[in-house]
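Since the structure comes first, as structure tokens, the remarks are kept for the end.
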Amino acid sequence: MMLLKMDLVIAVLVLACLQSFVLPDSQGEALFSLRDSLNSSPNQLKDWNRNQVNPCSWTNVQCDPNNNNVVSVVLVNIGFSGILSPKLGALKNLRTLSLQGNGITGEIPKEFGNLISLSALNLGNNNLHGEIPASFGNLKNLQFLNLNNNNLSGTIPESLSSLSNLISLQLAFNALMGQIPEQLFSVKTYNFTGNHLNCGVILPHLCAPDIYGSGAKSKLKLGIIVGLLVGLTILLLLGGLLYFTGKRRHKGFKREVFEDVAGDQRIAFGQLIRFSWRELQLATDNFSEKHVLGQGGFGKVYKGVLSDNTEVAVKRLTDYERPGGDTAFQREVEMISVAVHRNLLRLIGFCTTPTERLLVYPFMQNLSVADRLREIKPGELVLDWPTRRQVALGTARGLEYLHEHCNPKIIHRDVKAANVLLDEDFEAVVGDFGLAKLVDVRKTNVTTEVRGTMGHIAPEYFSTGKSSEKTDVFGYGIMLLELVTGQRTVNFSRLEEDDDLFLLDHVKKLEREKRLDAIVDRNLNDSFNVQEVEMMIKVALLCTQGSPEDRPLMSGVVRMLEGDGLAERWEEWQNVEVARRQQSERLQRRFNQGEDSVCNQDAYTVSM
């Protein structure tokens, strides 16, 4: 009996131990397998950590907040050299997969046909070879497929004809052969250019080297060819039409997706929509002043409501006559659109006319951090301290992505509380990134015009006009002080109290005097974590050092906010700051005593 009891106890203990092991997150495992297969370097995808298998906090990965399912993976222009992992097919809830602009080789795994929720797949501009998997016919939700500029061979699978939701099919510049399935000419936008394809017996002579157009045009051409078979008269009548449409197709080949949009018609490429001017004019009530959400260095922002009742924010850019023209604008818009991160504002679309440049974003119901700090209406709650801490970390992660994970890197140039928006969960969403190049397209990195907000501008940017990621770090440090104090960065009323005009100088003085109570926003009513406030102030002062070389990278800022490495950097900064202050005080005393004239005289004598 005793032995039976002992066996039972052992069995229970074993079962408990087995249950203590957590099975790996299949989504995290699939993505980590992708990272390995792509031959990523130690500096790429650094936070894709196998020990942290839930991937929802990883860069370049987005999850559905309701169930933590991975819905988007965007790894664009990073420089991978490996292959695609078939294990990625396990991501049954993935909606967007963008891997374009890398050096990925090998074949497209047939397992990608298991991505049944996929709506956008972009593998363009890689070195993929082999055939297009027939299993793509399983992707019934697929709307956008881009396989341009690879080395794909074989025929176009007939199974693609069953993708009834397909809007854009881009297969240009591969080594594809055989007949194009006739149903694919019904796709709204397609490109088969640069292959060895034919259109079948009905449309043989339309398969010139450039096969590029829309489903509507193909049906028109089919009708023309059939008409030609019934009589010479119809042939003569429609010959001119064929000539005209062929000429238009030839002229508009490389720019069809950017044609002027008439009426309320939209054109979509990738996941970016080109809106018509009329549509945005109606959405904003002719850009009425009553719909203005804010105004900054890049133009006004209007709240708009589209015809399908979608609420949007429309930024009407100024300085649109900068060098570079329409082509440069569209190129920069595309670059902004592929910068996808949970802490970056997603670009929905754009509109361009000979005299206007507009960008369309989701409307953020909770507005900006600045609004929630300083424009509080009666009855509205102030941002509590946990939310402010969350905003600080989210903003840092967004800027880290722009600086260290985008190729080329994106410098914001106007980081401030007014440019950090709040989503429905009060998560930080950085806006206005990439706009500096849209309105200031030049051949060098040095600009002759300083863009930014007084009190946020780094000293070296103000004096030279040259921006870098370290100018963004400075602006971020000032934004941290806004979060802690709730105050504006420039306050002229402090001059009346013989105090510092700029928030940075004001906080530095109070920090030296250890007057934490005078720094923290009074609206918090002492409901804050003292240690976290001190940490945030320290990080802010490290970010706002006078020399850009002394400021940390945004990846370092993220680590310090997470509790790694702050103590060491703060001790170094204090030693430097004390020495600098002592030297300044010595020089001031010598000046007050008239010693500076003696020094100048001695120096003059020596130099003679």
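Before moving on, here are some points about what is shown:
- Under 13 Å, Cβ to Cβ, from residue 566 - net charge with Lys/Arg +1 and Asp/Glu -1: -4
- Selection from 525, 491, 478, by position along the positive dipole direction of region 476-559 (Cβ): 478
- Fraction of the pair-distance distribution of region 387-564 above 30 Å, Cα-Cα pairs, percent: 16
- Residue exposure sequence - 331, 388 - by fewest surrounding Cβ within 10 Å: 331, 388
- Length released on extending from residue 111 to residue 513, taking residue separation times 0.36 nm less the Cα-Cα span: 138.4 nm
- When each of 59, 387, 155 is scored by the number of other beta-carbon atoms lying within 10 Å, the sequence from fewest to most is 155, 387, 59.
- Between region 60-75 and region 539-571, the Cα center-to-center distance that results, in Å: 29
- Separation of alpha-carbon centers, region 357-417 and region 145-160, rounded to whole Å: 41
- In terms of distances greater than 28 angstrom between alpha carbons, the cross-link table entries 110/188; 290/409; 300/466; 416/466 yield 290/409.
- Approximate spin-label separation residue 188-residue 307, in nm, with each point projected 7 Å along Cα-to-Cβ: 1.2
- Modelled label positions at residue 47 and residue 356, each set 7 Å beyond Cα in the direction of Cβ, lie 3.8 nm from each other.
- Here the simple spin-label model places points 7 Å from the Cα toward Cβ, and for residue 550 and residue 155 these points are separated by 7.0 nm.
- Potential extension, residue 162-residue 66 segment - 0.36 nm per residue separation minus Cα distance: 31.5 nm
Here, each number is a calculation from the coordinates, and none is a lab measurement. Since we're looking at a predicted model, the values are computed, not measured. Don't worry about glycine lacking a Cβ; one is built from the backbone with ideal geometry, like all the others, and counts go over all protein chains shown.
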